[in-house]
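See below for the structure under consideration.
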């Protein structure tokens with residue numbers, strides 16, 4: 001799901017169009033046959049024959065960063081029908097004589113643009129890897145400059161992660177229905193085809209347009225699911241795949257959202273121990289139970305009267321939402337709660353350290369795609385298209401089932417259970433146009449996972465590892481946060497770099513210790529017998 005990677009600001013890109021050339025590239029007759037067998041043989045040839053018209057992305061961007069636009073079919077079942085644009089970018093390999101191929105990338109989301117990724121990858125990859133690959137970026141279909149979708153939503157309608165409240169539940173159901181109806185009215189002819197499967201088909205079509213037999217790939221968060229789907233649809237086209245902070249395909253997508261709530265609870269417990277061990281410095285309590293009580297007293301206070309932070313009132317729900325992500329880095333969470341106590345007492349507090357909580361109520365809203373040309377709700381519209389449309393079967397059509405789940409999960413997972421399980425627009429979304437992808441193959445890939453990850457907990461990465469039977473997994477014990485590579489850890493970074501350089505996976509799964517890198521403190525504070533999400537706590541919400 002939505003991921004914040006080490007950000008490289010996305011420049012405003014100018015795209016060029018694509019024209020046809022007489023010579024088809026990249027074996028067009030099988031360009032997407034494996035993933036779209038319903039398309040007639042040769043039906044995609046006219047797309048494959050496109051020749052991208054590369055040009056500098058913008059006047060002040062590096063000359064080597066080039067952009068173009070190609071066309072892809074909206075519906076691969078009817079390739080002769082409506083076409084949409086796919087905005088692409090590249091930076092060529094630095095040593096043509098050592099070139100191995102193309103390295104595609106995706107930053108996560110869904111709903112995040114990826115054209116800027118080659119710029120970021122250029123900085124992150126070692127030169128030995130840069131010599132071997134053309135770095136290829138693209139805005140997924142419906143996102144950014146790739147025929148962006150919109151539901152015409154107002155900012156307040158985009159908050160799709162809402163806490164359960166008995167008195168507001170009927171209004172939340174009405175909101176969810178209205179959003180789904182707006183999306184259908186505004187983009188009903190397009191949204192059903194903004195799916196992960198079709199984005200994977202776009203990748204393979206782009207592969208053929210570029211004249212490549214296979215692609216290598218680096219994907220983070222949602223990008224791991226996209227990569228896994230590609231390996232399932234096009235196993236013979238997948239070369240070297242790095243999947244960082246992995247989504248469990250069997251839980252896409254309601255189950256993954258609910259996993260955020262499950263994973264937050266053991267991390268919260270870990271945080272209370274960390275803060276209690278440092279009570280003399282931070283003063284939040286000298287036992288985990290006292291630290292726990294300090295936080296929940298603040299929640300109760302904010303429920304009575306919202307706590308002012310940087311000019312914005314924050315409710316107890318905002319604090320619960322904010323702490324979910326913050327506790328995966330105990331020091332960050334502790335410093336934030338210290339400042340929260342000050343704000344709650346009406347004292348001056350550090351705005352920077354309150355960042356974990358300020359505005360947390362909207363933290364689940366997907367950001368806009370980032371282009372002035374894209375509709376303001378493009379990030380949310382494209383996210384909902386994937387989350388609701390990839391597999392409509394996992395979303396109940398009965399609003400009362402969401403009420404029951406939210407009540408139950410708020411009891412099991414007090415921090416975020418009701419946010420994750422309450423009603424979403426997906427309850428009123430149209431049925432998916434095709435079944436979800438079942439990932440189960442032997443394609444080689446490298447899965448990289450932090451032990452303490454707020455969005456894709458460790459068991460999620462382990463599940464994808466089991467599905468991709470040819471994969472090897474790198475686990476960073478004590479590693480914190482969402483998104484691993486690069487992390488400055490020679491063990492982790494070296495495993496990724498070696499694989500991309502040589503194509504050889506480690507002989508067996510790799511365990512890296514966070515003490516070898518900048519997350520050294522994390523390992524010291526880990527309970528060695530507990531992994532996030534396994535076992536999961538079953539504590540009752542007695543703190544309210």
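Tell me, yes or no, whether the stretch 360-374 has at least one residue that is farther than 18 Å from residue 257 by Cα, at pLDDT 95 or above and either assigned to a loop (DSSP other than H, G, I, E, B) or within 22 Å of the chain's Cα centre (by Cα) (or both).
Among the residues of the stretch 360-374, not one is farther than 18 Å from residue 257 by Cα, at pLDDT 95 or above and either assigned to a loop (DSSP other than H, G, I, E, B) or within 22 Å of the chain's Cα centre (by Cα) (or both), which makes the answer no.
Test residue 260 against the stated conditions and say whether it is in contact with a helix residue (DSSP H, G or I) (Cβ under 9 Å, 6 or more places away or on another chain) and modelled with pLDDT under 95.
Spelling it out, residue 260 is indeed in contact with a helix residue (DSSP H, G or I) (Cβ under 9 Å, 6 or more places away or on another chain) and modelled with pLDDT under 95.
Only one of (1) over 28 Å from the mean Cα position of the chain (by Cα); (2) closer than 30 Å to residue 109 by Cβ; (3) surrounded by 21 or more Cβ atoms within 10 Å (Cβ to Cβ) fails for residue 311. Which number is that?
Among (1) over 28 Å from the mean Cα position of the chain (by Cα); (2) closer than 30 Å to residue 109 by Cβ; (3) surrounded by 21 or more Cβ atoms within 10 Å (Cβ to Cβ), the lone unmet condition for residue 311 is (3).
Kindly provide the set of residues from the stretch 61-78 that are out of contact with any helix residue (DSSP H, G or I) (no Cβ under 7 Å at 6 or more places or on another chain) and in contact (Cβ under 8 Å) with a residue 40 or more places away in the chain, ordered by number.
Once the filter is applied, which keeps residues that are out of contact with any helix residue (DSSP H, G or I) (no Cβ under 7 Å at 6 or more places or on another chain) and in contact (Cβ under 8 Å) with a residue 40 or more places away in the chain, the stretch 61-78 yields 61, 62, 67, 68, 69, 77.
Of the conditions (1) at pLDDT 95 or above; (2) surrounded by 14 or more Cβ atoms within 10 Å (Cβ to Cβ), residue 487 satisfies every one except a single condition; which number is it?
It is condition (1) that residue 487 fails.
If the requirement is being crowded, with 21+ Cβ neighbours inside 10 Å, modelled with pLDDT under 95 and assigned to a loop (DSSP other than H, G, I, E, B), which of these qualifies: 26, 35, 42?
On the way: 26 fails: crowded, with 21+ Cβ neighbours inside 10 Å; 42 fails: crowded, with 21+ Cβ neighbours inside 10 Å.
Checking each option against the conditions leaves just 35.
Is there a residue in the stretch 85-103 that is within 18 Å of residue 386 (Cβ to Cβ), more than 19 Å from the chain's Cα centre (by Cα) and part of a strand (DSSP E or B)?
As a first pass, look at the stretch 85-103 and keep what is within 18 Å of residue 386 (Cβ to Cβ): 86-87.
Within this subset, residues satisfying the condition of being more than 19 Å from the chain's Cα centre (by Cα) are 86-87.
Narrowing the set further to residues that are part of a strand (DSSP E or B) leaves 86-87.
Checked the stretch 85-103: at least one residue is within 18 Å of residue 386 (Cβ to Cβ), more than 19 Å from the chain's Cα centre (by Cα) and part of a strand (DSSP E or B).
I need the full set of residues from the stretch 233-248 which are under 24 Å from residue 102 (Cβ atoms) and in contact with a helix residue (DSSP H, G or I) (Cβ under 8 Å, 6 or more places away or on another chain), in order please. Can you show your working first?
Our first condition is that a residue be under 24 Å from residue 102 (Cβ atoms); within the stretch 233-248, this holds for 233-247.
The answer is 233, 234, 237, 238, 240, 241, 242, 243, 244, 245, 246, 247.
Looking at (1) crowded, with 20+ Cβ neighbours inside 10 Å; (2) part of a loop (DSSP other than H, G, I, E, B); (3) assigned by TED's automatic domain parsing to the domain that holds residue 72, which is the only condition residue 137 fails?
All conditions are met except number (2).
Evaluate the following for residue 279: is it out of contact with any helix residue (DSSP H, G or I) (no Cβ under 7 Å at 6 or more places or on another chain) and in contact (Cβ under 8 Å) with a residue 40 or more places away in the chain? Spell out how you get there, then give the answer.
Numbers: out of contact with any helix residue (DSSP H, G or I) (no Cβ under 7 Å at 6 or more places or on another chain): yes; in contact (Cβ under 8 Å) with a residue 40 or more places away in the chain: no.
When the stated conditions are applied, residue 279 does not pass them.
Quick one: is residue 461 in contact with a strand residue (DSSP E or B) (Cβ under 7 Å, 6 or more places away or on another chain), in contact (Cβ under 8 Å) with a residue 12 or more places away in the chain and on the phi > 0 side of the Ramachandran plot?
No, not satisfied.
Any residue at all in the stretch 295-308 that is surrounded by fewer than 23 Cβ atoms within 10 Å (Cβ to Cβ), on the phi < 0 side of the Ramachandran plot and modelled with pLDDT under 95?
Yes - at least one qualifying residue is present in the stretch 295-308.
What's the number of the only condition in (1) touching a helix residue (DSSP H, G or I) at 6+ places or on another chain (Cβ under 7 Å); (2) under 26 Å from residue 140 (Cβ atoms); (3) surrounded by fewer than 24 Cβ atoms within 10 Å (Cβ to Cβ) that residue 420 fails to meet?
Checking residue 420 against (1) touching a helix residue (DSSP H, G or I) at 6+ places or on another chain (Cβ under 7 Å); (2) under 26 Å from residue 140 (Cβ atoms); (3) surrounded by fewer than 24 Cβ atoms within 10 Å (Cβ to Cβ), the one that fails is (3).
Any idea which of (1) part of a helix (DSSP H, G or I); (2) crowded, with 24+ Cβ neighbours inside 10 Å; (3) at pLDDT below 95 is the one residue 118 doesn't satisfy?
Of (1) part of a helix (DSSP H, G or I); (2) crowded, with 24+ Cβ neighbours inside 10 Å; (3) at pLDDT below 95, only one is false for residue 118: (3).
The values are calculated or read from the model by the stated rules, or taken from the named source; none is laboratory data. Fair warning: this is a prediction, and the values are worked out from it, not measured in the lab. Reconstructed Cβ throughout: ideal geometry from the backbone, glycine too, with neighbour counts over all protein chains shown.
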